[in-house]
1. Please go through region 21-102 and write out the chymotrypsin sites (Phe, Trp or Tyr not before Pro) that DSSP classes as loop and that have at most 12 other C-beta atoms within 10 Å.
2. What length, rounded to one decimal in nm, is gained on full extension from GLN95 through to ASN57, with 0.36 nm per residue of separation minus their alpha-carbon distance?
3. For GLU102, GLU24, what's the fewest-to-most ordering of other Cβ within 10 Å of each Cβ?
4. Normalising by the residue count of the chain, find the relative contact order in percent from Cα pairs under 8 Å and 6+ residues apart.
5. With labels modelled as points extended 7 Å from the Cα through the Cβ direction, what inter-label distance (nm, one decimal) is found for LYS16 paired with PHE84?
6. Scan around ILE4 for amide H atoms under 5 Å from its own, H built in the peptide plane at 1.01 Å from N, and keep only partners 5 or more places away or cross-chain.
7. Using the Karplus equation 6.51 cos²θ - 1.76 cosθ + 1.60 (θ = phi - 60°), what ³J(HN,Hα) coupling, rounded to whole Hz, does each residue of region 18-24 give in order, writing x for Gly and Pro?
8. Arrange the following residues from fewest to most other Cβ atoms within 10 Å of their Cβ: LEU45, LEU77.
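Each reported figure results from applying straightforward, stated rules to the coordinates on display, with no laboratory input. All of these numbers come straight from a predicted model, not from anything done at the bench. Positions of Cβ are backbone-derived with ideal geometry, glycine not excepted, and every protein chain shown enters the neighbour counts.
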Amino acid sequence: MAIIYGVDTEKPIEPKAVRDAMVECFYLAHCSETGFENDEQGNRLYCREIVKKAFSNVNAEYENPTKESLQKVIVNLQDYAKNFRDPEIIKKHAQQINDLIELI
């Protein structure tokens, strides 16, 4: 059994689960960058807003993700993250999310 950002890859995967995995990925990678170091709820909200903005940037619906919109969002998030993360780390995280998207 493989769990990627809270998603069990051995069970059917819905687009909303992948969207939530994107939020979890950003939370794990960026929570110390938000200014809310001791505020898990604030960190999660901050990361969810980053992902929501990425959906908006690609003209997709956060509440109704599709496989196609998730593919566009992950590209947008990679572009966003390149401003403050190592390219190899971004590539690794993006590949994990892309692996989930392919299982939809």
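1. Here the chymotrypsin sites (Phe, Trp or Tyr not before Pro) that fit, given the DSSP loop and packing criteria, are PHE84.
2. 11.6 nm
3. Listing GLU102, GLU24 from fewest to most nearby Cβ atoms yields GLU102, GLU24.
4. Result for the chain is 32 percent.
5. 2.9
6. For ILE4, whose amide H was placed from the backbone, the distant partners under 5 Å are THR9.
7. 5, 4, 5, 5, 4, 4, 4
8. Arranged by neighbour count, lowest to highest, LEU45, LEU77 become LEU45, LEU77.
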